[in-house]
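Before any comments, here is the structure.
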Amino acid sequence: MVLVYSDNKKLVFEMLNVAVELGKNTKKEVIAVIIGKSDESLAREYISYGADNVFIAETNFETFKAEEYTDILSKVVEETGADTILIGSNKNGKELSARLGGILNAGCVVDSNNIYIKDNNIFAERVVYSGNAIAILKFNSKPAIITIPPKAFDPLKKDEKRKGEITKKKIEAEKSQSKILKVQELKSEGVNVEDAEIIVSCGRGFKNKEDIKLVNDLADVLKGKTVGCSRPIAADLKWLSEDHWIGLSGHKVKPKLYIAAGISGQIQHIAGMRDSGIIVAINKDPEALIFKSADYGIVGDLYEVIPKLTAAVKEKMG
Ligand SMILES: Cc1cc2nc3c(=O)[nH]c(=O)nc-3n(C[C@H](O)[C@H](O)[C@H](O)COP(=O)(O)OP(=O)(O)OC[C@H]3O[C@@H](n4cnc5c(N)ncnc54)[C@H](O)[C@@H]3O)c2cc1C
């Protein structure tokens, strides 16, 4: 069995694509898991995106706690006999997968973007050394646990006619030793770069916080309205919130159009946006690394180029 779990349903849709492929190659069924309250409409959605069956592990837990969820998931693995476990690689998923690996004494590959079967073995690839190399890992034990980051795979086409079985079962989990004392929401500007189709990003080439208006204006006329940035803008200067931060330690994005202005193109930034459809770079240094990753490069001062580009797009778009 190939088992798929995430607390983020979009990630489950994406992971089902690779799960279906693995299931076909190993002649195994694909099971999507829901932990918490019974949600049959979500279960049906999982089936329409490729799951053969959905296992709803009913619990009374209101919030995610890694210890408890690991206990539940390990019981689901035992019950279903799953030998390949795909987990969405968000914060909760990473903690869950590591703990599950510990409990099941199983190997765990984090952040894989390619999984395949060769000579009856499962292989998982992951990008290492900030995108400079790809590690190919083979599992020597079962089950194989693999976490998959957002956007690594596209979901399959939704097929509402697909049929699958939904199993509901109350699973008791050992109460964790820790207690949640306070939940503090992360300060957010409500930006979602991961789902954006057009992103205009700014870097250290901007001299002042106020100048980011140039990027906002260009994003506005492109109807993308999504502004991204390099790490120094969010982490060091704090001109924008971390929602905008793109790269290895920020968000991984895959827009149709990515415009990088005043960004040098260090590998840690590229790691977050290399899968974009078309990349346009604006930089005054013709030797800037970003041009190596760009489809179109504009060598020039961003303070001159961006207003001209904004005006031209405005005219074209009416
Ligand atoms: C473990 C680790 C994780 C990291 N994670 C990330 C990450 O997730 N995301 C990330 O972005 N970085 C990350 N970094 C940092 C990364 O290595 C770079 O330091 C950072 O990306 C540089 O940001 P920048 O391109 O904005 O600035 P700089 O490298 O300073 O580049 C500024 C660019 O602007 C150009 N410029 C200057 N003035 C103008 C002008 N007027 N017009 C046009 N161009 C101009 C310059 O030519 C230059 O190329 C990480 C680093 C480490 C070690």
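Please treat every number below as a calculation from the coordinates, not as lab data. Everything quoted here is computed from the prediction, not taken from an experiment. Please note: Cβ atoms are built from the backbone with ideal geometry, for glycine as well, and neighbour counts cover all protein chains shown.
One table, with the values for the structure above:
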{"quantity": "Bridge type composition, segment 2-170 - antiparallel percent by DSSP, nearest 5", "calculated": "30 percent"}
{"quantity": "Cα radius of gyration and Dmax for segment 11-80 (Å)", "calculated": "12.6, 37"}
{"quantity": "Ordering of 180-193, 57-70 by packing [mean C-beta count within 10 Å, highest first]", "calculated": "57-70, 180-193"}
{"quantity": "Approximate shape of the chain as ellipsoid semi-axes (Cα gyration tensor, √5λ), whole Å, largest first", "calculated": "40, 21, 19"}
{"quantity": "Simple label model, 7 Å out from Cα along Cβ direction - Gln184 to Ser38, nm", "calculated": "3.9 nm"}
{"quantity": "Cross-link partners of Lys308 among aspartates and glutamates (Cα-Cα below 12 Å; sequence separation of 8 or more within a chain)", "calculated": "Asp217"}
{"quantity": "Principal axis box of segment 193-317, alpha-carbon based, largest edge first, Å", "calculated": "37, 31, 29"}
{"quantity": "Fraction of antiparallel bridges per DSSP, segment 59-152 only, in percent to nearest 5", "calculated": "60 percent"}
{"quantity": "Radius ratio Rg over Rh of segment 1-156, counting only Cα atoms, Kirkwood formula for Rh", "calculated": "0.94"}
{"quantity": "Highest to lowest packing among 73-83, 219-229, scored as the average C-beta count within 10 Å", "calculated": "219-229, 73-83"}
{"quantity": "Gain upon complete extension [Asp195, Glu172; 0.36 nm per residue less C-alpha separation]", "calculated": "4.7 nm"}
{"quantity": "Ratio of the Cα radius of gyration of segment 111-178 to 2.2 N^0.38 Å, where N counts its residues", "calculated": "1.59"}
{"quantity": "Contour excess over end-to-end distance, with Cα ends at Glu67 and Ser249 and 0.36 nm allotted per residue", "calculated": "63.0 nm"}
{"quantity": "Which listed pairs, of Lys182/Lys252; Lys37/Lys252; Lys158/Lys292; Lys9/Lys252; Lys9/Lys75; Lys158/Lys252, have C-alpha distances above 27 Å, in listed order", "calculated": "Lys182/Lys252; Lys37/Lys252; Lys158/Lys292"}
{"quantity": "Radius 15 Å from Cβ of Ile180, net charge of other residues (Lys, Arg +1; Asp, Glu -1)", "calculated": "0"}
{"quantity": "Simple label model, 7 Å out from Cα along Cβ direction - Glu125 to Lys238, nm", "calculated": "4.1 nm"}
{"quantity": "FRET efficiency for Ile117 and Lys9, using Cβ-Cβ distance with R0 set to 30 Å, rounded to 0.05", "calculated": "0.70"}
{"quantity": "Rounded to 5, percent antiparallel among DSSP beta bridges of the chain", "calculated": "20 percent"}
